[in-house]
Amino acid sequence: MRIETIGVIGANAMGREIALAALLGGYKVVLEDVSSEMLEKGITHIERRLDQRATQHELPERERESVLAQLSAASRVDEVCRVADMLIETVPDEMEVKLEIFTIFDKFAKPGAILASNTSLSITESASITFRAEDFKGMQFASPDPKITRVELVRGADTSDTTVAACSEVARRMGMEVAVVRESYEPAVTGEVAVRAKEHFE
């Protein structure tokens with residue numbers, strides 16, 4: 001699938017910067033948050049960051065307007081799923097919250113849409129609750145700080161090569177340094193925590 005529209009779930013500090021980077025990478029972006037206040041703050045933050053770039057002559061005024069025109073807002077995850085070619089969630093790292101989001105992704109996302117999670121939780125485990133494990137990938141952004149431009153792409157046990165390539169292209173267009181890692185996951189046994197190991201690969 002050709003990625004033209006990216007949905008960012010969560011208008012927190014991380015989500016705002018991801019949305020901004022995607023806009024500057026030439027994508028249409030739908031920023032979502034259940035909190036109207038948080039969503040408004042997110043949109044305002046992006047507008048101010050674009051204004052800063054225009055003031056510092058890093059972005060022509062005409063281009064600022066065209067970039068901003070590619071940004072829209074939503075208050076429901078399912079609304080975003082219906083239009084996005086790629087979904088990036090940035091909600092708190094709590095499994096119950098994540099699982100709710102992933103369930104909505106699974107039900108409403110377009111066929112072939114990329115599902116990406118900014119999380120330290122297991123990608124393999126998270127993907128297993130969906131019927132789209134091949135489209136599921138971790139995208140761990142180093143920091144919401146705009147000066148940090150590195151993303152770690154975490155490949156789960158069933159993540160496809162096509163998904164890896166698509167996420168890598170998106171990250172590079174967003175101006176990110178890309179590191180791809182493979183997750184090795186062992187289910188938890190009684191009294192133990194699931195083991196998650198990662199190793200770099202080309």
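Structure notes:
- The apolar share of the surface of the stretch 19-75, taken as the fraction of accessible area on carbon and sulfur atoms (1.4 Å probe, ligands and nucleic acids excluded), comes to 46 percent.
- For the chain, the dipole from Cβ point charges (+1 on Lys and Arg, -1 on Asp and Glu) about the Cα centre works out to 500 debye, to the nearest 20.
- Net charge, LEU23 excluded, C-beta distance under 13 Å - Lys, Arg +1, Asp, Glu -1: +1
- Overall, the stretch 32-100 carries a charge dipole of about 340 debye about its Cα centre when +1 sits on the Cβ of Lys and Arg and -1 on the Cβ of Asp and Glu, all other atoms neutral.
- In the chain, Cα pairs under 8 Å separated by at least six residues give a relative contact order of 18 percent.
- Signed unit charges on C-beta, dipole axis of the stretch 1-91, positive-most listed residue ALA13, VAL34, LEU68: LEU68
- Inverse mean reciprocal Cα-Cα distance (Kirkwood Rh) of the chain, Å: 17.1 Å
- Rounded to the nearest 20 debye, the dipole size of the stretch 69-129 about its Cα centre is 280 debye, using +1 on the Cβ of Lys and Arg and -1 on the Cβ of Asp and Glu.
- Taking the stretch 73-186 and dividing mean pair separation by its residue count, relative contact order in percent (alpha carbons under 8 Å, at least six apart): 21 percent
- Backbone geometry of the stretch 124-130 corresponds, through the Karplus equation with coefficients 6.51, -1.76 and 1.60 at θ = phi - 60°, to 3J(HN,Hα) couplings of 4, 5, 5, 5, 5, 8, 10 Hz, x marking Gly and Pro.
- Candidates ILE18, ILE123, ILE104, ranked by Gaussian network fluctuation over the chain, Cα under 10 Å, top entry: ILE104
- Each of GLU79 and ALA157 was given a label point 7 Å from its Cα along the Cα-to-Cβ line. The distance between the two points is 3.7 nm.
- The chain - mean residue ellipticity at 222 nm from DSSP helices (-39,500 (n - 2.57) per run, n ≥ 4, rounded to 500): -11500 deg cm²/dmol
- Helix 13-24 vs. the chain, principal-axis angle (Cα, 0 to 90°, nearest 10): 60 degrees
- Cα long-axis angle, helix 95-108 against the chain (0 to 90 degrees, to the nearest 10): 80 degrees
- If R0 is 41 Å, the Cβ-Cβ spacing of SER36 and PHE131 corresponds to a FRET efficiency of close to 0.80.
- Per residue value of the accessible surface for the chain (all protein chains in place, 1.4 Å probe), Å²: 51 Å²
The values are calculated or read from the model by the stated rules, or taken from the named source; none is laboratory data. Everything numeric in this text was worked out from a predicted model, so none of it was measured. Note that we place each Cβ from the backbone using ideal geometry, even for glycine, and neighbour counts take in every protein chain shown. Note: areas computed on protein heavy atoms with side chains; ligands, DNA, RNA excluded. Shrake-Rupley method; radii C 1.70, N 1.55, O 1.52, S 1.80 Å.
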